[in-house]
Amino acid sequence: MPAITLTTLQSLKQKGEKITMLTCYDATFAHACNEAGVEVLLVGDSLGMVLQGHDSTLPVTTAEMAYHTACVKRGNTDALILADLPFMANATIEQTLTNSATLMQAGAHMVKVEGQLWLAESIRLLAERGVPVCAHMGLTPQAVNILGGYKVQGRNENQARQMRADAISLEQAGAAMLLLECVPSELAAEISQAVKIPVIGIGAGSDTDGQVLVLHDMLGLSITGRVPKFVKNFMQGQDSIQSALKAYVNEVKGVTFPGIEHGFSA
Ligand code: KIV
């Protein structure tokens, strides 16, 4: 077991201490993130974009996710490892169970699935079988072709009401964590208050229970040069990657990141 468990994250939420998460895809960065005190390492399918150079996360396979999860596990001692089920790896219940087992056996402590209320049944089945699940809501990049681009979600009252209701239903189904991406800050704050499980935000304001960023983004590395509004380059003012990681942890814990300028309004 790592030093950080779900119980740790739950008690951080109860104490009002912010949870720190970063994406991580290899052993060296897992070690560096441990040294900086990052509590959750997300082996995100964003690796399809930042490592493999694709223009979306859709080409990523479960085998690739398992490979990078195993790399992260070898460099990790302290953090909880969360691994993404990639595009269509949870298309059926059978695939959800089999592919989650592959990621857990590679070293994940929890899996992340993108979607809304339709996830409830698979979350319940996974939780019953010992697999903690994080439900990724709001902007779900695997659905970029349905959403018509990488757009803020939950901006109108109907969408916001639906997202609040779905968050509560997924908690009731057994989700251990929620991740809200590109959601108006006020809505993310309401959802974080409405559920007992930790809520991690990215482009969701400072009132969620924790924050996540893509590692390459927060180190100022980009292939396209397009930097989302919610990203801060933590290399600025730092002389090493290690101090940039530490600055991220300090700013999330001290609630100085994200600032108002990194969030979205309704
Ligand atoms: O894959 C990923 O890196 C993610 C983050 C954007 C939260 O899901």
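The values are calculated or read from the model by the stated rules, or taken from the named source; none is laboratory data. Given the structure is predicted, the values throughout are model-derived calculations rather than measurements. Quick reminder, even Gly has a Cβ in these numbers, built from the backbone with ideal geometry, and neighbours come from all protein chains shown.
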Inset, instruction - Considering only residues that are among the hydrophobic types (A, V, I, L, M, F, W, C) and assigned to a loop (DSSP other than H, G, I, E, B), look in region 257-266 and name the one that is farthest from Pro141 (Cα to Cα). - result: Phe257
Legend entry - Residues satisfying the stated conditions in region 16-32, i.e. more than 15 Å from the chain's Cα centre (by Cα) and within 16 Å of the ligand (Cβ to nearest atom): Asp26, Phe29, Ala30
Inset, instruction - Would you check if Ser100 is in contact (Cβ under 8 Å) with a residue 40 or more places away in the chain and either within 16 Å of the ligand (Cβ to nearest atom) or in a helix (DSSP H, G or I) (or both)? - result: no
Inset, instruction - State all residues of region 46-64 that are touching a Leu at 6+ places or on another chain (Cβ under 8 Å) and either more than 10 Å from the ligand (Cβ to nearest atom) or among the charged types (D, E, K, R) (or both); if no residue qualifies, say none. - result: Thr62, Glu64
Legend entry - Pair list, Cβ < 7 Å and 6+ apart or interchain, from region 51-62 residues that are modelled with pLDDT under 95 to residues that are surrounded by fewer than 15 Cβ atoms within 10 Å (Cβ to Cβ) and not aliphatic (A, V, I, L, M): none
Inset, instruction - Determine which member of the set Ser185, Ser169 is in contact (Cβ under 8 Å) with a residue 12 or more places away in the chain, among the hydroxyl-bearing types (Ser, Thr, Tyr) and under 21 Å from Val111 (Cβ atoms). - result: Ser169
Inset, instruction - Report whether or not Thr77 is touching a residue at least 60 places away in the same chain (Cβ under 8 Å), touching a helix residue (DSSP H, G or I) at 6+ places or on another chain (Cβ under 9 Å) and farther than 19 Å from Val214 by Cα. - result: yes
Inset, instruction - For Ala70, work out the one condition from (1) within 14 Å of the chain's Cα centre (by Cα); (2) away from the ligand (no atom under 14 Å from the Cβ); (3) more than 26 Å from Glu171 (Cα to Cα) it doesn't fulfil. - result: (1)
Inset, instruction - Could you pull out the residue among Ala176, Ala244, Ala165, Ala204 that is aliphatic (A, V, I, L, M) and surrounded by fewer than 20 Cβ atoms within 10 Å (Cβ to Cβ)? - result: Ala165
Inset, instruction - Look through region 103-131, keep the residues that are part of a loop (DSSP other than H, G, I, E, B) and closer than 19 Å to Leu147 by Cα, and return whichever of them is farthest from the ligand (Cβ to nearest atom). - result: Gln116
